[in-house]
Amino acid sequence: MENGYQSLRPGQIASVVTYLEMRHPPELTARQLPAGFEMRRMERLAIADYRAAFRAIGENWLWFSRLVMPDADLTARLANPAMEVHFLLNAGRPVGILELDLSQPPDIEIVLFGIEHGLRGQGLGAAMMRYALQTVWERNPARLWLHTCTLDDPRALGFYIHSGFMPYKRAVEVANDPRLQGILPKTAAPQVPLL
């Protein structure tokens, strides 16, 4: 890609993606979930329930990948023992998601990590990350990695660095705006202008 501004086609969005990694387990601080919240691995998950949680957690950040994934592909993904979905539950309702990909040993990827927009700032993300790090490092990977982008919560990159991840690569992701395709409502992600 050349230096300078690059125009997008009408109806496209773009974000800068930062890849981060952790090669050693960090010192874990005690972060407990508030009463009424729990983390639970979901071993048998219907795609409708998964998609409803994915939408509720990611709509404000324009998450759409699992909403457009064919049912058969998503069913296979959820049934794959190398993929794990953990929900943050509040009174039994999913309000946060942690998705792990263990299919590329000795590395583990945090594919999805997020909580509902209205629950930010309550320490839930820190408690979820503690759970994630403990869950992953019990398996002794060579590396734990993830990526975030400029469409995510503006505090996400700093949160991951503070959690012990180190940035190692950047990319630019271009996609069709899911709001214009009817995948997400036009009111989703009001911080991203709809063009």
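Run the numbers on segment 14-176 and let me know its relative contact order in percent, using alpha-carbon pairs under 8 Å that are six or more apart.
Relative contact order of segment 14-176: 39 percent.
Angle, helix 47-58 long axis vs. longest principal axis of the chain, Cα atoms, 0 to 90°, nearest 10?
70 degrees
Using r as the Cβ-Cβ distance of residue 75 and residue 176, and R0 as 25 Å, what FRET efficiency do you calculate, to the nearest 0.05?
0.55
Counting other C-beta atoms within 10 Å, which of 43, 38 has the fewest, and how do the rest follow?
Neighbour counts put them in this order, fewest first: 43, 38.
Could you calculate the contour length gain from residue 192 to residue 9, that is, 0.36 nm times the residue separation minus the distance between their Cα atoms, to one decimal place in nm?
64.3 nm
Where the only charges are on Cβ atoms (+1 Lys, Arg; -1 Asp, Glu), what is the dipole of segment 88-158 about its Cα centre, to the nearest 20 debye?
Dipole of segment 88-158, to the nearest 20 debye: 240 debye.
Compute the convex hull volume of the Cα atoms of segment 14-176, divide it by the residue count, and report the result per residue in Å³ as a whole number.
Output value, Cα hull per residue: 115 Å³.
Can you tell me how much longer the chain between residue 155 and residue 83 gets when fully stretched, taken as 0.36 nm per residue apart minus their C-alpha distance, in nm with one decimal?
Taking residue 155 through residue 83 to full extension adds about 23.3 nm, to one decimal.
Hey, fewest Cβ within 10 Å first, where do 160, 19 land in order?
So the residues, fewest neighbours to most, are 19, 160.
Give the angle, between 0 and 90 degrees and rounded to the nearest 10, that separates the Cα long axis of helix 124-137 from the longest principal axis of the Cα atoms of the chain.
70 degrees
None of the figures in this text is laboratory data; all of them are computed from the coordinates on show. Remember, it's a predicted structure, so these values are computed and weren't measured experimentally. FYI the Cβ positions are ideal-geometry reconstructions off the backbone, even for glycines, and counts take in every protein chain you see.
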